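The next block holds one structure in the form of structure tokens; read it before the comments.
The values are calculated or read from the model by the stated rules, or taken from the named source; none is laboratory data. Note that the coordinates shown come from a computational prediction; the quantities given were computed from them, not determined experimentally. Cβ coordinates were reconstructed from backbone atoms using ideal geometry, including for glycine residues, and neighbour counts include every protein chain displayed. Ligands, DNA and RNA are excluded from the accessible area calculation, which covers all protein heavy atoms including side chains. Shrake-Rupley method; radii C 1.70, N 1.55, O 1.52, S 1.80 Å.
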Amino acid sequence: MSLARKLQGVIVSLFIFFLPVGTIPSFAQQNLNGVVVSDNLLATRAGMEILEKGGNAVDAAVATAFALGVVNPASSGLGGGGFMVIYQAKEKKAHTLDFREMAPKAAVADAFVREGRVVPELSRSGVLSIAVPGEVAGLTEALKRFGSLPLETVMSPAIRYATEGFPVHPQLFNAVERHLTTIRKLPNFSRLFLKSDGTPYKEGETIHQPELGETLKAIARKGPRVFYEGWIAQAIVGQLKKAGGVLTLEDLKEYKPVWREPILGSYRNRPVITMPPPSSGGIALVQMLNVLEGYQLNQFRHNSAPYLHLLTEVMKHAFADRAKYLGDPDFVQVPIKRLLSKEYASWIRNRISSEYTHPAGFYGLAPFKPKQGGTTHFGVLDGEGNAVSSSLTINTRFGAKVLVRETGVILNNEIDDFSIRSGFPNVYGLVGGEANSIRPKKRPLSSMAPTIILQEDRPILIVGASGGPRIISATLQTILNALDFGMPLKKAVGSPRIHHQWKPNKLLAERKISRETRNSLARKGHAIKIMPSIGAVQAILVDGEKVSGEADPRKTKKRRGK
Ligand code: GLY
């Protein structure tokens with residue numbers, strides 16, 4: 001059997017294609033297609049289709065990303081933004097692309113205040129919650145710089161899904177069902193996501209998005225400018241203006257993705273490449289790994305109370321710093337070096353008690369001297385060892401709940417990721433201060449943490465998650481499970497997780513963390529809240545000759561979760 005034949009359509013677990021051990025001796029051969037993992041089968045297929053056409057990891061990533069926006073429009077899409085971490089094997093070089101949304105020029109904090117009070121709904125849905133979308137600019141920029149196939153080719157699966165339709169999958173069905181009351185009130189959503197009798201399309205029934213198909217075709221033929229300056233821009237601005245929005249044609253025209261210096265850390269001597277601000281994810285992740293590498297984690301029983309207490313304390317430190325220091329680097333000076341120094345990590349270790357937790361004021365860099373939602377994550381590894389780790393979002397499900405009828409584009413509500421007022425929590429309960437205040441043309445802080453971990457210049461773990469701030473803790477725990485506890489990827493992704501984000505002072509624990517462990521953590525002073533799920537991770541693990549990919553069962557198998 002030819003190699004191509006062997007590779008064709010290998011589906012190992014529900015949402016993952018990989019090169020099975022035994023069939024393929026090593027992924028690192030030039031003629032191997034590679035691995036794609038996403039939280040949606042059709043999106044994964046889109047990426048694989050492009051790898052099979054001879055595309056590289058970036059070609060496949062761009063195809064997967066455009067497809068994700070069509071097949072799960074509740075989580076990401078042309079109206080949103082994201083981050084991409086790219087590792088180029090030949091040059092042994094990492095690149096990070098920021099295509100995060102940006103506040104419109106006319107955005108001001110006062111717009112979200114009525115009679116002296118912040119009104120959370122204003123930043124969470126509707127026209128004022130919308131930031132300038134970055135996805136189209138970002139994906140086309142990534143393709144231009146590192147892709148090898150034409151835009152029309154890599155966009156063709158997404159165009160096909162939009163125009164020919166695709167069968168409704170459980171995630172989409174659940175997203176629609178959970179927002180049914182809202183969707184019924186919004187004619188632009190109802191005509192796409194509800195049948196003529198007003199009921200949602202059932203799983204397996206076909207959904208078409210003809211306008212989105214035309215929008216994608218236009219971008220594929222004419223490039224990103226048609227989105228930012230052409231008829232698509234005009235349609236977006238026209239509809240928003242009528243509804244009292246402040247986003248202008250100029251905002252769209254001026255939007256630019258930015259290549260940023262990656263955050264380069266190390267965990268037990270393995271290089272860690274991840275996303276810099278305006279993501280907080282990369283810094284928080286590396287900061288926590290720095291602290292944790294001072295412990296022999298596999299001496300703990302996995303998910304025992306002492307282990308989870310340690311993780312919680314580490315999370316509380318990282319999230320305290322997130323709240324105080326992190327924001328758009330084009331606007332604020334983020335003390336990256338200090339936060340990521342091994343010296344700071346060692347100072348944090350000295351402040352961690354194995355016996356008890358502390359009040360909120362104890363945590364963070366300040367005393368250190370001398371020094372529901374949407375979102376989706378996917379990864380690609382090609383046969384040459386090039387890797388992409390990318391997270392995309394329109395923020396919470398269906399973003400601003402504004403669908404531009406003529407274009408089929410659902411717009412993000414990323415404005416809520418700003419700290420609208422110091423200490424006032426956003427939809428995820430996250431607080432922040434001046435560093436993440438809303439300013440014209442500023443990018444809101446994100447938690448997305450697309451990450452690639454190397455060993456001897458080869459990617460061994462490509463990982464990231466969806467789930468707001470829980471992205472950071474879910475990604476962290478998956479890394480520890482795989483690298484410290486040596487778990488197979490399925491177990492590393494599926495194991496029960498915890499999350500602590502400093503404020504609110506609550507330790508979230510998945511139900512499967514045993515009652516005994518939870519009681520033991522409570523005795524250390526943690527206020528425990530049981531959660532059905534914490535984050536949704538997609539990961540690719542290379543272990544010697546074995547390559548595996550895993551999509552989080554929390555998102556792909558269950559009825560709820562992000
Ligand atoms: N919108 C969620 C995040 O970027 O963290």
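Could you give the nm distance between label points at R178 and E545, where each point is 7 Å from its Cα heading toward the beta carbon?
Placing both labels 7 Å along Cα→Cβ, they lie 4.3 nm apart.
State the Kirkwood hydrodynamic radius of segment 279-323 in Å, one decimal place, computed from all pairs of distinct Cα atoms.
On the way: mean 1/r = 0.0910 Å⁻¹.
After inverting the pairwise mean of 1/r, the radius is 11.0 Å.
Please list, in order along segment 351-359, the HN-Hα scalar couplings obtained from phi with the Karplus expression 6.51 cos²θ - 1.76 cosθ + 1.60 (θ = phi - 60°), rounded to whole Hz, x for Gly and Pro.
Going residue by residue, I get 8, 8, 9, 7, 9, 8, 9, 10, x Hz, with x marking Gly and Pro.
Which lysines, on any chain, are close to K316 with Cα under 17 Å apart, when same-chain ones fewer than 8 places away are left out?
K324, K503, K506, K524, K529
Would you please give the residues with an amide H less than 5 Å from that of W259, counting only those at least 5 places away or on a separate chain, with H modeled from the backbone geometry?
Counting only residues 5 or more places away or on other chains, the set is D98.
According to the square roots a ≥ b ≥ c of the eigenvalues of the Cα gyration tensor, what is the shape class of segment 429-542, taking rounded for a/c under 1.5, prolate for a/b larger than b/c otherwise, and oblate for the remainder?
Values: a/c = 2.39, a/b = 1.03, b/c = 2.33.
Since a/c reaches 1.5 but b/c is at least a/b, the shape of segment 429-542 is classed as oblate.
In whole percent, and with a 1.4 Å probe on the protein chains, what portion of the accessible area of the chain is carbon and sulfur? Before the final figure, lay out each step's value.
Working: 10300 of 20230 Å².
The value for the chain is 51 percent carbon and sulfur by accessible area.
Rounded to whole Hz and in sequence order, give me ³J(HN,Hα) for segment 477-489 from the Karplus expression 6.51 cos²θ - 1.76 cosθ + 1.60, θ = phi - 60°, writing x for Gly and Pro.
Couplings: 5, 5, 4, 5, 4, 6, 8, 8, 9, x, 6, x, 4 Hz.
Sorting check: for 288-295, 170-177, which peptide has the highest mean count of neighbouring beta carbons within 10 Å, and how do the rest follow? Each step should come with its number before you reach the end.
On the way: 288-295: 21.5, 170-177: 19.5.
Going by the mean number of other Cβ atoms within 10 Å, highest first, we get 288-295, 170-177.
What is segment 370-486 by shape, rounded, prolate or oblate, if you read a ≥ b ≥ c off the alpha carbon gyration tensor as root eigenvalues and call it rounded for a/c under 1.5, prolate for a/b larger than b/c, and oblate otherwise? Show your work: numbers first, answer last.
On the way: a/c = 2.29, a/b = 1.44, b/c = 1.59.
Taking the square roots of the gyration eigenvalues as a ≥ b ≥ c, segment 370-486 is oblate.
Could you pull out the pairs from K53/K490; K90/K441; K92/K557; K195/K401; K93/K555 whose alpha carbons sit more than 27 Å apart here?
Working: K53/K490 29 Å; K90/K441 36 Å; K92/K557 36 Å; K195/K401 18 Å; K93/K555 32 Å.
From K53/K490; K90/K441; K92/K557; K195/K401; K93/K555, over 27 Å: K53/K490; K90/K441; K92/K557; K93/K555.
Sequence-distant or interchain residues sharing an amide H contact under 5 Å with I460, placed H: which?
I453, L454, Q455
Please list, in order along segment 406-414, the HN-Hα scalar couplings obtained from phi with the Karplus expression 6.51 cos²θ - 1.76 cosθ + 1.60 (θ = phi - 60°), rounded to whole Hz, x for Gly and Pro.
So the Karplus estimates, Gly and Pro as x, are 4, 10, x, 8, 9, 8, 5, 10, 5 Hz.
Measuring from the lowest to the highest alpha carbon on each principal axis, how far does segment 407-465 reach, largest first, in angstroms?
Principal-axis extents of the Cα atoms in segment 407-465, largest first: 45, 36, 22 Å.
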